[in-house]
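Novice: Just passing along the structure, written as structure tokens.
Throughout, read-outs are computed from the coordinates displayed, never taken from laboratory work. Not measured: the values here are computed from a predicted model. FYI the Cβ positions are ideal-geometry reconstructions off the backbone, even for glycines, and counts take in every protein chain you see.
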Amino acid sequence: MNNGPILSSIRKAKAENRRAHWVLLDPDDFTTERAVEVARVSQESGVGALLVGGSLMQTNRIDTFVKSLREAVSIPVILFPGDATQLSKHASALLYLSLISGRNPVNLIGEQVKAAPIIRQYGLEPISTGYMLVESGAVTSVEFMSGTRPLPRAKPDIAAAHALAAMYLGMDMIYLEAGSGAALTVPAEMISAVRGCVDIPVIVGGGIRDEETALEKLRAGADIIVTGNLLQKENGLERMRGIAGCVRDFRS
């Protein structure tokens, strides 16, 4: 069982009913200099952690990218790997993802087996996470690269059953993902259904671009929301600051 410092802090926040906002930085989308700037603004705005990763990762600079972020900010820098090549010894921890919404064995256990010895060698804190891709109105990078179908957005009971299975299997967290740049976000009804079945932290990401949407996910039961794509939009940093503020001030 993982009792590492990052997961322990996440569990403590959940127990105290404190919600969090994490920012995702994909090295394919940001120069290191720009990522460091975003990281510093994120920390100043109250963002709880940075995620680093992506579905494709065309660059081979993840180690220097993560190291630069760790040197720039004090909040955790957590790996969000698309496969076993996206690891860095400089990270605070990593989400040890299993794509439980799909039936592709590569994403269920294959990449995890490849990564396990490296994780041990690097001394990283692995946070076992049941990763669930949700239908979002468009074919996302995750869906295409994983070769899996997303969960139907109108079937919250199916999502709840998957989340419950993940918890019974001993996973530490659930991640409901609509995908980067999603047209539609994870439905509130689905978040509520999952929240009603599990007592482990629930992360929600994909298509969250404004404070109203962020609040909807929090009210439905999300413990952590993730934003990323909006940083590439006009006024992205300001919009991120607004979301961070509303999450920080949220009271259920």
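Novice: If we count other beta carbons within 10 Å of each Cβ, what is the order of Lys217, Lys155, Lys12, fewest first?
Specialist: Lowest count first: Lys12, Lys155, Lys217.
Novice: List the equivalent ellipsoid semi-axes of the range 1-143 in whole Å, largest first, each obtained as the square root of 5λ for an eigenvalue λ of the Cα gyration tensor.
Specialist: Semi-axes from the Cα gyration tensor: 22, 19, 17 Å.
Novice: Would you compute the Debye intensity of the chain from its alpha-carbon atoms alone, equal scatterers and no solvent, and pass along log10 I(q)/I(0) at q = 0.08, 0.10, 0.18 Å⁻¹ to two decimals?
Specialist: Each listed q maps to, in turn, -0.26, -0.41, -1.64.
Novice: What order do you get for 19-31, 224-236 when each peptide is scored by the mean count of other beta carbon atoms within 10 Å, highest first?
Specialist: Descending mean neighbour count gives 19-31, 224-236.
Novice: May I ask you to order 159-165, 148-154 by the average number of other C-beta atoms within 10 Å around their residues, highest value first?
Specialist: Top to bottom by mean Cβ count within 10 Å: 159-165, 148-154.
Novice: Please tell me which of these pairs span more than 32 angstrom C-alpha to C-alpha: Lys14/Lys155; Lys12/Lys67; Lys114/Lys217?
Specialist: Lys114/Lys217
Novice: Using the Cα atoms as the points, what is the convex hull volume per residue of the range 130-252 in Å³?
Specialist: Each residue corresponds to 97 Å³ of Cα convex hull volume.
Novice: While we're on this one: R0 = 25 Å: FRET efficiency of Ala15 with Ala161, Cβ-based, nearest 0.05?
Specialist: Given R0 = 25 Å and the Cβ-Cβ separation, E is 0.45.
Novice: Which whole-number percent is the relative contact order of the range 24-136 (Cα, under 8 Å, 6+ apart)?
Specialist: 22
Novice: Kirkwood hydrodynamic radius, the range 171-232, all distinct C-alpha pairs: what's the number in Å?
Specialist: 11.5
Novice: On to the next question. So if I take the centroid of the Cα atoms in the range 211-252 and the same for the range 119-143, what is the distance between those two points in Å?
Specialist: Between the Cα centre of the range 211-252 and that of the range 119-143, the gap is 20 Å.
Novice: Could you work out the relative contact order of the range 99-252, using alpha carbon pairs under 8 angstrom and six or more residues apart, expressed as a whole percent?
Specialist: 19
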